[in-house]
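Report on the following structure.
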Amino acid sequence: MQCPFCQHPNNRVLESRSAESGRSIRRRRECLKCNSRFTTYERIEYVPITVVKRNGNRELFNRSKLLTGILRACEKTGLETSRLETIVDNIEAELQQRAAKEITSSAIGELVLQQLKPLNEVAYVRFASVYRQFTGIRDFADTLNHLQATDNATAYIANGNRNGSALTI
């Protein structure tokens with residue numbers, strides 16, 4: 001590991017700890033020549049995941065691009081950034097566990113929606129509006145109706161269908 005300041009190849013590790021939910025190791029280092037301190041991260045190198053876009057183009061999975069989209073959808077919702085980073089960590093881990101290393105952008109969008117739905121309905125609708133390319137108020141209304149229907153179904157199941165009536169969605 002070269003010092004980023006003087007390029008000297010020798011340094012010592014001052015501190016090591018787990019980072020990114022145990023997916024990497026953060027090391028604080030000190031150059032033995034110039035005594036400058038710097039931080040390095042060690043990660044497992046995964047097989048690259050290719051994302052197939054709507055237009056057919058292919059690009060490498062970019063976790064920061066995904067996080068930016070989620071952050072934008074969650075602005076002013078009160079959700080902590082660390083929680084959103086955990087969503088991206090979970091999605092990336094799920095993608096790495098799949099046998100296929102090529103995934104559509106729409107499949108990634110659905111994974112995000114699954115994670116956002118229980119956290120914040122506003123963030124869910126915002127993300128869905130961009131990801132599903134809403135073109136008008138009808139798209140918003142359909143999504144809100146779907147959200148409400150699934151909430152009603154969840155409540156119906158949780159209450160154990162006490163009155164014996166059927167649920168219509």
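The values are calculated or read from the model by the stated rules, or taken from the named source; none is laboratory data. None of the values given here were measured: they were computed from a predicted structure. Glycine also receives a Cβ, built like all others from the backbone with ideal geometry; neighbour counts cover every protein chain displayed. Ligands, DNA and RNA are excluded from the accessible area calculation, which covers all protein heavy atoms including side chains. Shrake-Rupley method; radii C 1.70, N 1.55, O 1.52, S 1.80 Å.
Within region 5-19, the presence of at least one residue that is surrounded by 14 or more Cβ atoms within 10 Å (Cβ to Cβ), modelled with pLDDT under 95 and of a type outside the set (Asp, Glu) is confirmed.
Residue count for region 1-38 under the criterion of being touching a residue at least 12 places away in the same chain (Cβ under 8 Å) and over 27 Å from ASN90 (Cα atoms): the result is 20.
Inside region 64-73, can you point out the residues that are aliphatic (A, V, I, L, M) and surrounded by fewer than 17 Cβ atoms within 10 Å (Cβ to Cβ)? Show your work before the answer.
The first filter runs over region 64-73 and keeps only residues aliphatic (A, V, I, L, M), leaving 66-67, 70-71, 73.
The one that is aliphatic (A, V, I, L, M) and surrounded by fewer than 17 Cβ atoms within 10 Å (Cβ to Cβ): LEU71.
Of the residues that make up region 74-90, is at least one open to solvent by 80 Å² or more (accessible area, probe 1.4 Å), among the basic types (Lys, Arg) and out of contact with any His (no Cβ under 9 Å at 6 or more places or on another chain)? Among the residues of region 74-90, at least one is open to solvent by 80 Å² or more (accessible area, probe 1.4 Å), among the basic types (Lys, Arg) and out of contact with any His (no Cβ under 9 Å at 6 or more places or on another chain), which makes the answer yes. Taking region 21-55 as the range and being open to solvent by 60 Å² or more (accessible area, probe 1.4 Å) and closer than 23 Å to LEU84 by Cα as the test, the residues that pass are SER21, ARG23, ILE25, TYR41, GLU42, ARG43, ILE44, GLU45, TYR46, PRO48, LYS53.
Output the residues belonging to region 1-23 that are under 16 Å from LYS33 (Cβ atoms) and in contact with a strand residue (DSSP E or B) (Cβ under 8 Å, 6 or more places away or on another chain).
Within region 1-23, the first condition is being under 16 Å from LYS33 (Cβ atoms), and the residues that meet it are 1-14.
The answer is MET1, CYS3, PRO4, PHE5, CYS6, HIS8, ASN10, ASN11, ARG12, VAL13, LEU14.
Do any strands (runs of 3 or more DSSP E) lying entirely in region 1-98 carry at least 3 residues that are among the basic types (Lys, Arg), and which ones are they? Give the steps one after another, and end with the answer.
Values: elements: 11-19, 24-31, 37-43, 50-52, 58-60.
Here the list reads 24-31.
Residue by residue, here is whether (1) among the hydrophobic types (A, V, I, L, M, F, W, C); (2) closer than 30 Å to PHE5 by Cα holds:
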{"site": "SER24", "(1), (2)": "no, yes"}
{"site": "ARG28", "(1), (2)": "no, yes"}
{"site": "LYS33", "(1), (2)": "no, yes"}
{"site": "GLY109", "(1), (2)": "no, no"}
{"site": "VAL112", "(1), (2)": "yes, no"}
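Being over 27 Å from ARG126 (Cβ atoms) and without any contact (Cβ under 8 Å) to a residue 24 or more places away in the chain is a condition met by no residue of region 56-72.
Restricting to region 99-134, count the residues that are assigned to a loop (DSSP other than H, G, I, E, B), under 21 Å from GLY56 (Cβ atoms) and open to solvent by 70 Å² or more (accessible area, probe 1.4 Å).
In the first step, residues of region 99-134 are kept if they are assigned to a loop (DSSP other than H, G, I, E, B); the result is 99-101, 117-120, 132-134.
Add one more test, that the residue is under 21 Å from GLY56 (Cβ atoms), and what stays is 100-101, 132-133.
Adding the requirement that they be open to solvent by 70 Å² or more (accessible area, probe 1.4 Å) leaves 132-133.
So the answer is 2.
Within region 39-55, the set of residues being touching a residue at least 40 places away in the same chain (Cβ under 8 Å), closer than 19 Å to GLN133 by Cα and not aliphatic (A, V, I, L, M) comprises LYS53, ARG54.
When you look at GLU102, is it more than 26 Å from ARG27 (Cα to Cα), touching a Ser or Thr at 6+ places or on another chain (Cβ under 6 Å) and not hydroxyl-bearing (Ser, Thr, Tyr), yes or no? Even if it seems obvious, please write down each step before you answer.
Working: more than 26 Å from ARG27 (Cα to Cα): yes; touching a Ser or Thr at 6+ places or on another chain (Cβ under 6 Å): yes; not hydroxyl-bearing (Ser, Thr, Tyr): yes.
Here the answer is yes, as GLU102 does meet what is asked.
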